[in-house]
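The values are calculated or read from the model by the stated rules, or taken from the named source; none is laboratory data. Remember, it's a predicted structure, so these values are computed and weren't measured experimentally. As a convention, Cβ positions derive from the backbone with ideal geometry for all residues, glycine included, and neighbour counts pool all protein chains shown. The area values use the complete protein model at the heavy-atom level, side chains included, leaving out ligands, DNA and RNA. Shrake-Rupley method; radii C 1.70, N 1.55, O 1.52, S 1.80 Å.
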Amino acid sequence: MKDTFLWGGSTSAFQFEGGANEGGKGVSFYDTISRSSKAAADNMESWMGTNKIKDYTVTSDFYHHYEEDIQLMSEMGFKSFRMSVAWTRIYPDGDGNVNPQGIAFYRNVFSLLKKSGIEPVVTLYHWDMPQSLIDRYHGWYGIETVHAFEQYAETCFRAFGEYVKYWLTLNENNMTIMMPGFGTGMKKTKDDPDYDIFKYTVFHNTNIAHFAAVRKCHEIIPDAMIGCMFASALAYPLTSDPEDVLLARNHNQKLNYDYLDLLTRGRYTPKNVFEMKQAGFTVSEEDSKLFSDPKSIIDFISFSYYFSVCTGTEQNAADENAGTVQMMYQAMSNPKLKKSTFGWTIDPTGLRILMNDLYDRYQLPVMIVENGLGVKDDILTEDKEVHDDYRISYLREHIKAVKAAVDEDHVDCLGYLPWGCIDLYSASGDRDKRYGFIYVDYEDAHKRYRKDSFFWYQNVIKTNAEELD
Ligand code: BG6
């Protein structure tokens, strides 16, 4: 592993930052849920499944704890920290006037990170769509939102470029093709006659936003690196039946590679173009020009990896995944692999396979910006210890896989930033699903406690993964 390897951790604003009603922040989609809008909560449930979290106002309260948190990260030896900027903290209405307090907050955070030797890795959009853009333009369904995003991205590059050298555009945007309504405030089902055109309009709009931001970043901060962020969905064939192999190939193409081919080649795949045309959607010449501009092409590929799935023609195993994200992929259980208590398959070797596949295919550096084990850590002992050996063992195996990909397979990997390094609210709506090295006591002033994994990861970083036990 290179000495410059970016060991770190990862978060997002709506799950971690809090301070929703402070510092001039505007209202995002998640704040609307917190303010008891049943419509917003229903809309979220319709795209994400059951959501038990009803209030995102404070979450882990990074807004008030950032100095302590950066100190803890520094103690662990972090070289990088991924966070997102809350769009509504910069532009309370999504567009219009900038909020100077928001700029000041992030400048303080980024400058402290830099002083502590930690590279900020910044996501521009991690799902917290400004409510005002939903109300006025249906979020990503309206091209006006894309223009607002371009303005917001440019403001971030100018205000934070001095500190931030690693940028990510839209979190897990390959999922938009499966969940196009998320971020629009619109409820659409596959039975709606205009579903396909709706889906491609939203997906294409998010892609314009992505390409425009990449180009702007390259223009404004020439020494920065900007990447995408995609949710990896590695599928294996359930059996060696060629039909199963074909299904897995198609799954990987549709959910991973269609998106990455677009982002790296600057054009939709021929199959995508055909499907879009069939739905009555055409891409303008102006957009094609933007996409194919070399300045709009990403510098690295970053992704989340939690599990792999199986696809096959036998139908009998599919139900076992009910209630998990894997169900969205209509995937099957892998008889060779165990699952977490939340039903996510545990597959460290899959990470090595994926890193190789990505590097072979695109020859761009990769960065793992999410990975980890979400579990209920309800064992904060009287002496405030959390003995999370299950998390250590999950992370150990995944880090071994990363090391093998780097040292043996020669994949160029920039860093490893496991998810929710300090406990935060789960996106699938369960606050008790924790990922962190640091426990946050939501019931008692958001106090922070070092878990056993904290000390273990500290040593991993110190020894550059030479010592993993
Ligand atoms: C990714 C998201 O999908 O997975 C995160 O980028 C999310 O926002 C993470 O929290 C883990 O999912 P969950 O549902 O366990 O929080």
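Just a few scattered comments:
- Derived scalar couplings between HN and Hα for the stretch 52-64 equal 8, 8, 10, 8, 10, 5, 10, 6, 8, 6, 4, 3, 9 Hz in order, rounded to whole Hz, by the Karplus curve 6.51 cos²θ - 1.76 cosθ + 1.60 (θ = phi - 60°), x for Gly and Pro.
- Extension gain, Thr155 back to Asp412 (0.36 nm per residue minus Cα-Cα distance, nm): 89.4 nm
- Greater than 24 Å apart at Cα, pairs in Lys2/Lys295; Lys25/Lys54; Lys79/Lys403; Lys52/Lys188; Lys271/Lys403; Lys79/Lys165: Lys2/Lys295; Lys271/Lys403
- Euclidean distance of C-alpha centroids, the stretch 208-227 and the stretch 277-293, integer Å: 20
- Spatial separation of Cα centroids for the stretch 436-462 and the stretch 39-116, in angstrom: 19
- Three-way shape label, the chain, alpha-carbon gyration tensor, a/c 1.5: rounded
- The figure for Ile353 is an accessible area of roughly 60 square angstrom, using a 1.4 Å probe on the protein chains alone.
- Prolate/oblate/rounded call for the stretch 211-282, Cα gyration tensor, a/c under 1.5 rounded: oblate
- Solvent-accessible surface ranking, highest first, for Lys114, Lys25 at 1.4 angstrom: Lys114, Lys25
- Rolling a 1.4 Å probe over the protein chains gives Glu286 an accessible area of about 140 Å².
- In order along the stretch 458-467, the phi-based Karplus estimate (6.51 cos²θ - 1.76 cosθ + 1.60, θ = phi - 60°) of 3J(HN,Hα) comes to 4, 6, 4, 5, 4, 9, 6, 6, 6, 10 Hz; Gly and Pro are listed as x.
- Extension gain (nm, one decimal) between Asp444 and Asn108, 0.36 nm per residue minus Cα-Cα: 118.4 nm
- Helical contribution to [θ] at 222 nm, DSSP H n ≥ 4, -39,500 (n - 2.57), averaged over the chain, rounded to 500: -12000 deg cm²/dmol
- When you restrict to C-alpha pairs under 8 Å that are six or more residues apart and normalise by the size of the stretch 185-327, the relative contact order lands at 35 percent.
- DSSP beta bridges in the stretch 358-465 [antiparallel fraction, %, rounded to 5]: 60
- Relative contact order of the chain, pairs being alpha-carbon contacts under 8 Å that are 6 or more residues apart, as %: 17
- Distance between the modelled labels on Asp223 and Ala279, one decimal in nanometres: 4.2 nm (7 Å Cα→Cβ projection).
- Total formal charge among the other residues, if their Cβ is under 13 angstrom from that of Phe455, Lys/Arg +1 and Asp/Glu -1: -3
- If the chain linking Glu243 and Lys187 were pulled fully straight, counting 0.36 nm for each residue of separation and taking away their Cα-Cα distance, it would gain 16.7 nm.
- Point-charge dipole on Cβ atoms (K/R +1, D/E -1) for the chain, about Cα centre, debye to 20: 560
- Take Tyr66: with every protein chain present and a 1.4 Å probe, its accessible area is about 40 Å².
- Heavy-atom accessible area with a 1.4 Å probe sorts Ser393, Ser240, largest first, into Ser240, Ser393.
- Solvent exposure, largest accessible area first (probe 1.4 Å, DNA, RNA and ligands not counted), of Trp127, Trp140: Trp127, Trp140
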